[in-house]
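Here it is, the structure in full.
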Amino acid sequence: MLGQRLLTAAILAPLFIAAIYLLPLWAFALTFALVITLGAGEWARLALLELNLPSARWVAMALILLLCGLLWTQPAWWVPMLWLGVPLWLLAIFQVLRYRRPDVPSEAPPAQPSAWWQGWLGLGFGLLILACAWCALLVIRPMANGSHLLLMLFAIVWFADAGAYFSGRAFGSKALAPHVSPGKTWEGALGGGLASVIAVCLGLLVVGWFDLRWVPVLLGLVVVSVFGDLFESVLKRSAGMKDSGTLLPGHGGVLDRIDSIIAVLPFYALALLALGLPVVVN
């Protein structure tokens, strides 16, 4: 499993970096619109819409493409979409904190949608979350050093994810959210957060962008990234599914790979806008 994860990451990482740095804005927007379109199809599956509508994933993919097309023509909506992402993710975080798995959990999908994050309401919620993340990409990319800032965003999440994986395997003993994801531990989350903050701060020092305001921002983003991952676990557990899909060997589906990133993106973009980061020293 680890070998598959590393191989998939080794293939995807250069593609993401090339898209961030080399594509013009329209092609960049289209590329990541296609990524979240795949995620929308998986969200329809987790929302159990395919129980009654086998073509639900195609409907979801068409809807997110239409929404992205509309947003592309209305740049004035991009920043308001970031603010919309805040209450959406606060609701998701609240749901993670209150989620309790059944006394007798079942690995089989339920016969019908039974929670608000399932069915058409759940799909609408997911499409808005994906659209907010996409708008954040469009806000950040045109900024001065926007490509570098996007690479840093991915570094924040990747270091947190890798650090949590290895520190959890080495030291993990206390479950972080036993009802949601019993395999995740406090030791893993703390190790991942520490690895991410230290690695990114060192990178900021090297390029002359370090500012003390980055520290609370990074800590907050790491916490949000953890909840992004946990909320997808809520979706999967309540749907009786192990992964959101099978497209990425060793990772599952697209949502399994971008769950933390889509959670962090609106908060990251708003922090950059509000605080005027980065402050270039040299």
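Can you spot a residue in region 190-208 that is farther than 24 Å from Gly240 by Cα and outside any helix (DSSP H, G or I)? Spell out the reasoning first.
Of region 190-208, the ones farther than 24 Å from Gly240 by Cα are 190-208.
Okay, now just the ones that are also outside any helix (DSSP H, G or I), so 208.
Scanning region 190-208 turns up at least one residue that is farther than 24 Å from Gly240 by Cα and outside any helix (DSSP H, G or I).
Looking only at region 155-210, which residues are farther than 15 Å from Ser225 by Cβ, among the basic types (Lys, Arg) and touching a strand residue (DSSP E or B) at 6+ places or on another chain (Cβ under 8 Å)?
Once the filter is applied, which keeps residues that are farther than 15 Å from Ser225 by Cβ, among the basic types (Lys, Arg) and touching a strand residue (DSSP E or B) at 6+ places or on another chain (Cβ under 8 Å), region 155-210 yields only Lys174.
Could you say whether any residue in region 83-97 is out of contact with any helix residue (DSSP H, G or I) (no Cβ under 9 Å at 6 or more places or on another chain), closer than 24 Å to Gly220 by Cβ and of a type in the set (Phe, Trp, Tyr)?
yes
Please indicate, with yes or no, whether at least one residue in region 117-124 is farther than 19 Å from Val264 by Cα, touching a residue at least 24 places away in the same chain (Cβ under 8 Å), among the aromatic types (Phe, Trp, Tyr) and not in a helix (DSSP H, G or I). Steps first, please.
We begin by selecting, within region 117-124, every residue farther than 19 Å from Val264 by Cα; these are 117-124.
Filter once more, keeping what is touching a residue at least 24 places away in the same chain (Cβ under 8 Å): 117-120, 122-123.
Subsequent filtering for residues that are among the aromatic types (Phe, Trp, Tyr) retains 117, 120.
Retained after the next criterion (residues that are not in a helix (DSSP H, G or I)): 117.
Looking for residues that are farther than 19 Å from Val264 by Cα, touching a residue at least 24 places away in the same chain (Cβ under 8 Å), among the aromatic types (Phe, Trp, Tyr) and not in a helix (DSSP H, G or I), one finds at least one in region 117-124, hence yes.
List the number of the failed condition for Val180; all other conditions in (1) touching a Gly at 6+ places or on another chain (Cβ under 8 Å); (2) over 23 Å from Pro216 (Cα atoms); (3) modelled with pLDDT of 90 or more hold.
Condition (1) is where Val180 drops out.
Based on what the data block shows, is Leu204 modelled with pLDDT under 95 and exposed (fewer than 15 other Cβ atoms within 10 Å of the Cβ)?
Details: modelled with pLDDT under 95: yes; exposed (fewer than 15 other Cβ atoms within 10 Å of the Cβ): no.
For Leu204, the condition - modelled with pLDDT under 95 and exposed (fewer than 15 other Cβ atoms within 10 Å of the Cβ) - is not met.
Just one of (1) among the charged types (D, E, K, R); (2) within 25 Å of Leu270 (Cβ to Cβ); (3) part of a helix (DSSP H, G or I) trips up Asp211, so point out which.
Every listed condition holds for Asp211 apart from (3).
So if I check each of Trp186, Trp117, which one is under 17 Å from the mean Cα position of the chain (by Cα) and at pLDDT 90 or above? Step through it out loud before you land on a result.
Details: Trp186 fails: under 17 Å from the mean Cα position of the chain (by Cα).
Just a single option satisfies the conditions, and that option is Trp117.
The values are calculated or read from the model by the stated rules, or taken from the named source; none is laboratory data. Not measured: the values here are computed from a predicted model. Glycine gets a Cβ as well: all are built from the backbone with ideal geometry, and neighbour counts include every protein chain shown.
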